[in-house]
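Following: one structure in structure tokens, then a few remarks.
Bear in mind these aren't lab numbers, they're just calculated from the coordinates by the rules spelled out. Predicted, not measured: the structure shown is a model, and the values here were computed from it. Here Cβ is always computed from backbone atoms with ideal geometry, including for glycine, and neighbour counts include all displayed protein chains.
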Amino acid sequence: MAKIYRSAATGLLLAAMAGSTLAATASPASASSSSSGWRCHTSYKSIDNPGDWGPAPDNWDFTVKNCIKRQGGSVFAAAKVSWDGPIGGARWDRDPHFRLYVMQSAPGTDRVVAHRDFHIGYALNRHDRWGDHDGSFDTGAWRVRTGKRGLYAGGALKIDWAGDDRGVRHYGFSPSPRV
């Protein structure tokens, strides 16, 4: 009987430790409420692999959550990229990356204040034992020191598909609200 209680206590302790670890590593991109100051927008895009001409489905379904938060004279930008890839994956001529932008609203064309690239090829190549390529990548918070107003976070996938001979393609996603 003591072993049952000890096992239950150990299980509860491990669950509590896992919960505190998850809470400690939660990223701004996963913030679901505006109480944390993050302003986010999520968008979705299904992208056909133009280098794959086979009969099997080859679309990659991407969901991107772009977030921004102002704190004093700085803004913090973050994004979470999730995908549902086809069985078998894809090949690239160059390592795919996600570019996170901090943009400023301006008359005419908005201006890029800063950008940072995150290489995600290794994450896109991960798969389960059945060859299914599903996963996600979190950029973490990136600080940009600026007193400018009307800023927002935007993001784009930059992919150079193998076999299509068209170079790097830019796939933009909807930006966050402005701060």
For region 96-136 (alpha-carbon point model, no solvent) the Debye-based log₁₀ I(q)/I(0) at q = 0.15, 0.33, 0.35 Å⁻¹ works out to -0.54, -1.04, -1.09
Label-reachable residues, region 91-106, where backbone N falls under 17 Å from a point 7 Å from R145's Cα toward its Cβ: none
Calculate the spin-label point distance for R94 paired with T42, positioning each point 7 Å from the Cα along the beta-carbon direction, and give it in nanometres. 3.1
Quick check on region 59-144: what does the Kirkwood estimate of hydrodynamic radius come out to from the alpha carbon pairs, in Å? 14.5
